[in-house]
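A short reminder: the numbers here are calculations on the coordinates, not readings from a lab. Predicted model, so just to flag it, every value in this text is computed and none were measured. All Cβ positions, even for glycine, are placed from backbone atoms using ideal geometry, and neighbour counts span all protein chains on display.
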Amino acid sequence: MNKAIYPGTFDPITFGHIDIIERCSKIYDEVVVGVLNSSNNKKMLFDAVDRKEMIEKSISHLDNVNVKIFNSLLVDFANNEKCKVIIRGLRVLSDFEYEFKMALMNRNLNDSITTLFMMPHEKYTHISSSLLKEVIFLNGKIDDYAPTIVIDRINKKINEK
Ligand code: COA
């Protein structure tokens, strides 16, 4: 079976991520969205279960996509999933250096798994999860960039403060 993993922290998912997931779901028989549980480099707004739930609700129109939480090396997660392809999105030139290093390190760790890159629609190339959180925390609108469930969940966090 033709299967791909699309990994990330998804804190939270945006239309840019969904654009990539939709493109993958047209090409692969099965797509696994891999949600990294915790990262040393990032403080998360949402826990992994919430991030997974927001993704599931946002991609419920796609039959061949599953969402799974992982807490290991990405290549080990891919191996456990019996998956040989990792998909990464490339938005702007500045993504390239980071992606290049990560793809080569992953290849070094497990040469049987290949990283492939896709470009999201250009209307999403300037966004990131952090940028959207910053805008909404300062009362800006992000309706063009994130699903309603994400906007509602961020607003809930703001109201809890
Ligand atoms: N549309 C909108 N935003 C996008 C996007 C898209 N198509 N693609 C990426 N982004 C944003 C993300 O929202 C994220 O924003 P943030 O930094 O504000 O949160 C940013 O771009 C970076 O995203 P990404 O490159 O996917 O990084 P990540 O931190 O979400 O995920 C992992 C990185 C999980 C893939 C990586 O850390 C990993 O594999 N970890 C597992 C441990 C491991 O194997 N480490 C060794 C790797 S060599």
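Some notes on this structure:
- Enumerated helices (runs of 4 or more DSSP H) restricted to the stretch 48-161, each holding at least 1 residues that are within 15 Å of the ligand (Cβ to nearest atom) and loosely packed, with under 12 Cβ neighbours inside 10 Å: 74-80, 93-109, 129-137
- A single member of 55, 69 is touching a Lys or Arg at 6+ places or on another chain (Cβ under 7 Å) and under 18 Å from residue 4 (Cβ atoms), and it is 69.
- The C-beta contact set for the stretch 33-50 (first residue under 18 Å from residue 133 (Cβ atoms) and in contact (Cβ under 8 Å) with a residue 40 or more places away in the chain, second residue of a type in the set (Asp, Glu) and near the ligand (Cβ under 10 Å from one of its atoms), distance under 9 angstrom, 6+ apart or interchain) comprises 45/11; 46/11.
- Picking from residues in the stretch 1-22 that are over 25 Å from residue 160 (Cα atoms) and charged (D, E, K, R), the one that is nearest to the ligand (Cβ to nearest atom) is 19.
- Failed item, numbered, when residue 26 is tested on (1) touching a residue at least 60 places away in the same chain (Cβ under 8 Å); (2) of a type in the set (Lys, Arg); (3) within 21 Å of residue 90 (Cα to Cα): (1)
- Residue in the stretch 70-90 that is within 21 Å of residue 133 (Cβ to Cβ) and either out of contact with any strand residue (DSSP E or B) (no Cβ under 8 Å at 6 or more places or on another chain) or free of Cβ contacts under 8 Å to residues at least 60 places away in the same chain (or both) present: no
- Of the criteria (1) more than 8 Å from the ligand (Cβ to nearest atom); (2) outside any loop (DSSP other than H, G, I, E, B); (3) out of contact with any Leu (no Cβ under 6 Å at 6 or more places or on another chain), which one residue 25 fails: (3)
- Checking each residue in the stretch 25-41 for being surrounded by fewer than 17 Cβ atoms within 10 Å (Cβ to Cβ) and within 14 Å of the chain's Cα centre (by Cα) picks out 37, 38, 39.
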